[in-house]
1. Once the label point is set 7 Å along the Cα-to-beta-carbon vector, what list of distances in nm do you get between D:I33 and its counterparts in the other copies?
2. Test of the criteria: in the stretch A:1-110, which GluC sites (Glu not before Pro) are in a DSSP loop and have at most 12 other Cβ atoms within 10 angstrom of their Cβ?
3. Just to be sure I understand the curve: with the Debye formula and one point per C-alpha of the stretch C:1-51, what is log10 I(q)/I(0) at q = 0.23, 0.24 Å⁻¹?
4. Can you list the trypsin sites (Lys or Arg not before Pro) in the stretch D:1-88 that are in a DSSP coil and have 13 or fewer other beta carbons within 10 angstrom?
5. Between the stretch C:47-84 and the stretch B:37-87, how many Å separate their Cα centres?
6. In nm, one decimal, shortest first: how far is the label point of A:D99 (7 Å from Cα along Cα to beta carbon) from the matching points in the other copies?
7. Residue by residue through A:170-176, how many Cβ atoms from other chains fall within 10 Å of the Cβ on average?
8. Between the stretch D:8-23 and the stretch B:180-199, what's the alpha-carbon centroid distance in Å?
There are 4 protein chains.
Amino acid sequence: MGKALENKFQKRSSLFDSAFHLFTTKGVENTSISDIARDANVGKGTFYLYFKSKQDLEAKLISHKASGLFEQAAEKLMTYPATLSLEDKVIVVVNFLLDQLIENPILLKFIYKNLSWGIFRNTIRSAEAEDSGDHISLDDLFGCSRDDFIEPDLMIYTIIEMASSTCYNVILWQEPVNIEVYRLFLDKNIRSIIRNHKR
Amino acid sequence: MGKALENKFQKRSSLFDSAFHLFTTKGVENTSISDIARDANVGKGTFYLYFKSKQDLEAKLISHKASGLFEQAAEKLMTYPATLSLEDKVIVVVNFLLDQLIENPILLKFIYKNLSWGIFRNTIRSAEAEDSGDHISLDDLFGCSRDDFIEPDLMIYTIIEMASSTCYNVILWQEPVNIEVYRLFLDKNIRSIIRNHKR
Amino acid sequence: MGKALENKFQKRSSLFDSAFHLFTTKGVENTSISDIARDANVGKGTFYLYFKSKQDLEAKLISHKASGLFEQAAEKLMTYPATLSLEDKVIVVVNFLLDQLIENPILLKFIYKNLSWGIFRNTIRSAEAEDSGDHISLDDLFGCSRDDFIEPDLMIYTIIEMASSTCYNVILWQEPVNIEVYRLFLDKNIRSIIRNHKR
Amino acid sequence: MGKALENKFQKRSSLFDSAFHLFTTKGVENTSISDIARDANVGKGTFYLYFKSKQDLEAKLISHKASGLFEQAAEKLMTYPATLSLEDKVIVVVNFLLDQLIENPILLKFIYKNLSWGIFRNTIRSAEAEDSGDHISLDDLFGCSRDDFIEPDLMIYTIIEMASSTCYNVILWQEPVNIEVYRLFLDKNIRSIIRNHKR
DNA sequence: TATGAATGAGGCTTCATTCAT
DNA sequence: TATGAATGAAGCCTCATTCAT
């Protein structure tokens, strides 16, 4: 039983890995379920035992990858004193994510358009996903100082959207400036946004 | 001759309209070239007289729509005194675009992820496109006060990315706040970004 | 398992039969893959499980049919005493093939231009084909008396080309003479060619 | 009028040239009427003013090219004394054709499968073609010594089929021997065939 | 649970042919 | 006579999905 279960997880994991590899290499469009099954050394029919469709797999894969990122960010934050101001906490998190994506541009390419409010909410806040168990909430991330801000959700939303949408070109193509120059302004802009939301 | 030429423009235009309608209704993915041709009352082969592929049409359509938007924004700006500060000019333009997209959320849905640096540069700055003739430059938009700013391109880039990526959910789903609330903070944030780039 | 394998052979065989029927009836050009699949009571996609393209099927079909013919010729030759002169052996083989094609003009029509040096060498001599296993060599056919002739390959080549290219019109259209008249001269001419190559 | 007629011939000729070029370069199959018209600098509709279809053009082109060859062969024969034996005349003609095809393997490739009894008869003997006027008859070629042979048509047929079908591989691929070796045997074999038909 | 052969709908694209100019 | 835009039938091929083993 344990072995069967292990085997099951292994197959699912293998499908995830193959899909990620193919999606980032050939593009989601040009990757067929056959391709994924073949690459995962799994029968074509087996795919349907784990995922309803390519879209289903794609969503779960994004969720999976994004979860991993945010988890790591949360862990990173733990290493800092809890007394850190929210402003500094956000900076720490954003810069950590930036570092991750700089190191792993393929991951960036994949979750680019999806690492935004929708996925953030679904990934971080919800517990409906099957990948549940290891979720963290927004409040976990930033502590319970929400009362100090006007529209704190909007604030986070704006920061995430701005950071994720701008970093894509900067990291991948050094456009319109390289990442080091960009980081200076990003930090400044984030701090401004936070201040604009202070009560 | 004149008639033939007129007919040609009409066909191309008809294909554009049908494609826009179907893309925004059913999604680009679920729209086939057959669908477009049928909707445009045009033979399937006729499509290929005007576009190389669905991707080709999509790119041209985005460019076409975005061009239109920016042109209108530029015209709008003309109605203001030229002595307006760049800060105010940007605010005027962004708010104009916001108004357009609020009025036309379908257009927003379509150009959403594309109204960014890449398309902005290609659409506004370049003249290589076949749809040329009616392009406007970044300098036309904001005057020649670039020297007053550090990394003015990055500044514009950041503003465009932030505004376009945040407004999507706000306009379409009133998430995480409604557009009127959002506008207050957007203006503040834009002004902060501009100030952060002042020399 | 045995059943599945049997089913597979049956499908392939069915596709072969349908293709042969349609190719000889409507011509290769005018036969679509859809036609073949429909005639074989097989899904269109199934075709591609067995053949890469129509050309692929065509080549395999020619090889298949020609192999069959030459095998039978070889078997026929076995029934004659081994002491037969090469001249007589060739006459026996050619006349056997002629008889086969007279009886089966549709087969003649199909393999007509292909039953020549290229296909002969590829079909008879090579073992690289997937349909391998039942190939016979030129030496098997004629014994090892090659040393008695100048350019024995050229001799066989000339005979095959002459016989195959002439018999087409004669068998199918009785042009310029009927087959019985033709046979008299063919035998004489073949014997002459063989003598012209004798050392 | 003369100019219009000249223009007409020029267009037809241009279409012929382009078709020959494309047919021998890309193959008949892969050449579309559009290709031919474009290559000939002629409107697509214009094609249909001169030919009914690609097949029509192909037949006329083969006829055209083969006619040219045989005409030249006849002219060549004129330079020999009329007292030459038929055997020698045939050898002269065949060797002349061989020389032409050696010099122009592209032409060989094109008319290969077609330079046989059917086209020979249609090209040489018939007068129904639109390219008429410059035809020569079999009798013109060989004089009126037909009575000296049994089945003279079959004799010529056999020689033509043998020579044309064998020379293809020999000239183009030097298979199974090179052309110089082949020529020795070809001449011998032709002479044998003629003798086999002598009364 | 795992497989992969079979399916056929439906996508893309080409091209012969027509016809208004 | 000459053109080439327009057409839509028809071909090729892919692929998500099913199902018997």
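Throughout, read-outs are computed from the coordinates displayed, never taken from laboratory work. Every value quoted in this text rests on a predicted model; they were computed, and no experiment measured them. Cβ atoms come from the backbone with ideal geometry, glycine included; neighbour counts cover every protein chain shown.
1. With the label placed 7 Å along Cα→Cβ, D:I33 yields 2.1, 2.6, 4.3 nm.
2. A:E29
3. Rounded to two decimals, the profile gives -0.78, -0.83.
4. Listed in order of number, the matching sites are D:K52.
5. Answer, in whole Å: 62.
6. Its label point is 4.6, 8.6, 8.9 nm from the equivalent points in the other copies.
7. Mean shielding by partner chains, rounded to a whole number: 3.
8. Here the two parts' Cα centres lie 69 Å apart.
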